[in-house]
1. How many nm separate the modelled label positions at residue 161 and residue 273, each set 7 Å beyond the Cα in the direction of the Cβ?
2. If R₀ is 35 angstrom, what is the calculated FRET efficiency for the pair residue 253 and residue 147, using the beta carbon separation as r and rounding to 0.05?
3. Can you give the net charge of the other residues whose Cβ lies under 13 Å from the Cβ of residue 36, counting K and R as +1 and D and E as -1?
4. Stokes-Einstein at 25 °C, 0.890 mPa s, Kirkwood radius from Cα pairs: D for segment 230-298 in µm² s⁻¹?
5. Just from the alpha-carbon atoms, what are the Rg and Dmax of segment 13-307 in angstroms?
6. In segment 85-199, carbon and sulfur make up what percent of the accessible area (probe 1.4 Å)?
7. Let me know the shape class of segment 78-228, please: from the alpha-carbon gyration tensor, a ≥ b ≥ c as square roots of the eigenvalues, rounded when a/c is under 1.5, otherwise prolate if a/b is greater than b/c, or oblate.
8. At 4 °C and 1.567 mPa s, grab the translational diffusion coefficient of segment 89-135 from Stokes-Einstein with a Kirkwood Rh over Cα pairs, rounded to a whole number in µm² per second.
Amino acid sequence: MDSPSNATMPCGFLLQGFSEFPHLRPVLFLLLLAVHLATLGGNLLILVAVASVPSPPPMLLFLCQLSAIELCYTLVVVPRSLADLATPGLGGGSPISFLGCAVQMQMFVALGGAECFLLATMAYDRYMAICHPLRYTAVVTPGLCARLALACCLGGLAVSVGLTVAIFHLPFCGSRLLVHFFCDITALLDLACTRSYADELPLLGTCLVLLLLPSLLILSSYGAIAATLRRLHSPRGRYKAASTCASHLAVTFLHYGCATFMYVRPKASYSPRRDRTLALIYTNITPLLYPLIYSLRNREITTAIRRVLGLRNNEMKAALSRVLMRSSESKL
């Protein structure tokens, strides 16, 4: 490997994807396409369902933002992966420009960071609803929800820009082949021809801001919620309050668990092919699970979805009846 002093900044990279498995590519394409369409459909359904509610409560507004983030999250990665799988003759890798790789990584980190902050915001919402129910409507107003949602997006954007600048200022030398299907942080760090631990400090700082700080806020919120639930004498009220947190806790464990396992570890433990397989799961399977978790556990979102589907069914029945009436009139 060349020394860092002789390193040159490449004009682009090659995404290996799954080109070393030519016989599995058609099957993998069909599976990813089915999962991607199901993910898009589930998140779009939640967005439409929340939009159909006249005055949605704060939790539904946060769910709407979470679905929008997941929608963009998958669109940043999956369509290009599908295109590479469907394109023959990419045995040497799919080319991506230096700027395109930087933009993809920045958007991926920005959306993931916004989701980290949003999950902490949703924990605060649950804390206010359970621990301070009388003050909830006065404190958690639509204006506060909008400001918190904007802060989540801007926070994720600021952190992602700093990390992207730090990563793409590293010297890259030797092979330009990324053993991955998108420009992930670990794949780029593995390709950088430097072994200094100082080069990992931007990633560690990002993990501190995006994972540790929101985790502390979530833990403190649920610590206060647990203390409040212990003081409730009604088992029914305790169960109802706990059930409102179940879906949020499930999504939080999935998101933070995958992110912590992938990025909170030293560079020496990176395994490109293992990381690629894990990334295939957390960029495709977890965004599919989130709408299922919320639609099954949240009564408000379930009611909204049923209302939307009911309206669509009624519209289809009305359209069909109009067509039948016109055909009968034409026959007469």
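1. 4.0
2. 0.85
3. Residues near residue 36 contribute 0 overall.
4. Approximately 171 µm²/s, per Stokes-Einstein.
5. Here Rg and the maximum Cα pair distance are 20.5, 67 Å.
6. About 71 percent, which is the carbon plus sulfur part of the accessible surface.
7. The shape class here is prolate.
8. For the chosen part, D equals 93 µm²/s.
The values are calculated or read from the model by the stated rules, or taken from the named source; none is laboratory data. Just so it is clear, the model here is predicted, and its values are computed rather than measured. Neighbour counts run over all protein chains shown; Cβ positions are idealised from the backbone, glycine included. We work out accessible area using only protein heavy atoms, side chains counted, and drop any ligands, DNA or RNA first. Shrake-Rupley method; radii C 1.70, N 1.55, O 1.52, S 1.80 Å.
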